[in-house]
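Below is one structure; the comments refer to it alone.
The values are calculated or read from the model by the stated rules, or taken from the named source; none is laboratory data. If you're wondering where the values come from, they're calculated on a predicted model, not measured in any experiment. Cβ sites come from the backbone with ideal geometry, for glycine too, and all protein chains shown count toward neighbours. Surface areas here come from the heavy atoms of the whole protein model, side chains and all, with no ligands, DNA or RNA. Shrake-Rupley method; radii C 1.70, N 1.55, O 1.52, S 1.80 Å.
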Amino acid sequence: MWERKYEHGRWDGLALNILSTSLDGGQRLQITEIPYADLPDIIVMGSKAVSVGLEVVLIGSNSLVDANALIDSLNKSPRGELEHPWLGELSLTFESSSLSIDTKIGLVTLSLNFIRDARSTKLKSSTVVTDSSPQPLQKTATVEEVSTSAFEQDVAEMGISDMNTLQADFTQLVSQLASIASMLSVPSQILSAVNQEINRAMMSISSIANAPGQFAEQLSTTIESLAQAVRSDDSSTNETVDHSRAAQAMMLDAINDNDPSPHYNIQCVVAAIKMSNDIARLEQEEVFDLVNSTAQVSTILSDLNSITSELDQRIVDATQVSTYESLEVFDALTNLSEGVNAQINKVIKGSTAQTIVESSRFIPALVLAHQSNSSEALVMALNKLQHPLFLKGSLAMRESE
């Protein structure tokens, strides 16, 4: 089966499923046939250009469209760099192509011919995609910093009524933090340190009017201390009693759209992000591990989407005024939202099937995994309602990373 034989390569950053490779070389010869002579006169004129032939496969409903797009791209930009699984990096020039279509299974086979270029190989930067930007948990610090500056401006312009409302809201928020701490199963010294920070935050609420910056800094310290304890709670590995998920939900429920300062709601969302075990784990992984995930994909996506929804609302709030501080808050929140969305995309990419295999007869998961360059655990993770020995019908498949 061709599914077990192809290897991965890249042409100028575009992924190729290479089924076979052929190399043709030799010498350029000038052959002169002399009349009445038994042997010809042969002049060696140097090495012949090395040609590289690739047989590339594409499958699926868009296979023909993708094949035509690839040929069109090669015709427009014939010079490029090939990353081959065992030939390494080659500078090639596209020469010709032929296309074969199997309409029964939607398989398109492309035979591509290239000529080895004399240029030195230098891969384009676009072929390697890296994300060096800070992760969401790191970006929260920037959000808190710029939001604190705006918070100080808000407090300076507040009347007595708004100040009383603000203090009542923050009192309720700190009480929620205490409730979260009380349900954790962490060592006593960690819990004691967290409770001390919560007490400091509660006492500093009375000083908001005179020292809003100090209060905001203390609240951020308290939330960070509690978030570390939440993420270290071993009980969070059990989805049914996941204290991290409960803490995140409590912080988002504490949001009050009528609070006189946007900083309150921003701090609630930041606290939810910091207490999310899903975000902390996803930050450490290049790809989402569907097999070893302790939570359902739908649950993870639901929680992360709840966070992005509230972040989007905070971004809308920041655009209600046009000041230097609000612009900084807008940029920081937008950057944080992009970081969380990157984790959502990571989960979707790691849990979505690359192809659907139709099987009219029962087939064991181990056999199917062998045929598709996957693993039995991944096959069953994608097809949870199937029996591992009797898979049948439309089966979701993807290759192991």
| said: Which trypsin sites (Lys or Arg not before Pro) in segment 1-108 sit in a loop by DSSP (not H, G, I, E or B) and have at most 11 other Cβ atoms within 10 Å of their own Cβ? | reply: Lys104
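Classify segment 13-73 as rounded, prolate or oblate, taking a ≥ b ≥ c as the square roots of the eigenvalues of its Cα gyration tensor: rounded when a/c is under 1.5, otherwise prolate if a/b is larger than b/c and oblate if not.
Working: a/c = 4.21, a/b = 3.69, b/c = 1.14.
Prolate shape, in that a/c is at least 1.5 and a/b is the bigger ratio.
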| remark: Hull volume per residue for segment 203-284, using the convex hull of the C-alpha atoms, in Å³ is 105 Å³
| message | My understanding is that a pair violates if its Cα-Cα distance is over 25 Å; which of Lys139/Lys349; Lys349/Lys384; Lys139/Lys384; Lys76/Lys346 do that in this structure? | response | Lys139/Lys384; Lys76/Lys346
| field | Solvent-accessible area per residue, Å², over the chain with all protein chains present [probe radius 1.4 Å] | value | 54 Å²
| message | I need the trypsin sites (Lys or Arg not before Pro) found in segment 282-387, filtered to DSSP loop residues with at most 12 other beta carbons within 10 Å of theirs. | response | Lys384
| field | Accessible-area ranking of His370, His84, largest first, probe 1.4 Å | value | His370, His84
| note | Total charge of the residues flanking Ser185 in space, meaning their Cβ is under 11 Å from its Cβ, with Lys and Arg +1 and Asp and Glu -1, is -2
| note | Connecting every pair of Cα atoms under 10 Å apart in the chain and solving the GNM, the largest mean-square fluctuation among Ser100, Ser225, Ser47 falls on Ser47
| query | Could you work out the helix-only [θ] at 222 nm for the chain, with each DSSP H run of four or more residues adding -39,500 (n - 2.57) and the total divided by the number of residues, to the nearest 500 deg cm²/dmol? | reply | -15500 deg cm²/dmol
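Report in % the part of the accessible area of the chain that belongs to carbon and sulfur, leaving out ligands and nucleic acids; probe 1.4 Å.
About 51 percent, which is the carbon plus sulfur part of the accessible surface.
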| Identified option (computed log10 I(q)/I(0) by the Debye sum over Cα atoms at q = 0.07, 0.08, 0.11, 0.14 Å⁻¹; candidates [x] -0.53, -0.64, -0.93, -1.15; [y] -0.32, -0.42, -0.79, -1.33; [z] -0.65, -0.74, -1.02, -1.25) | [x]
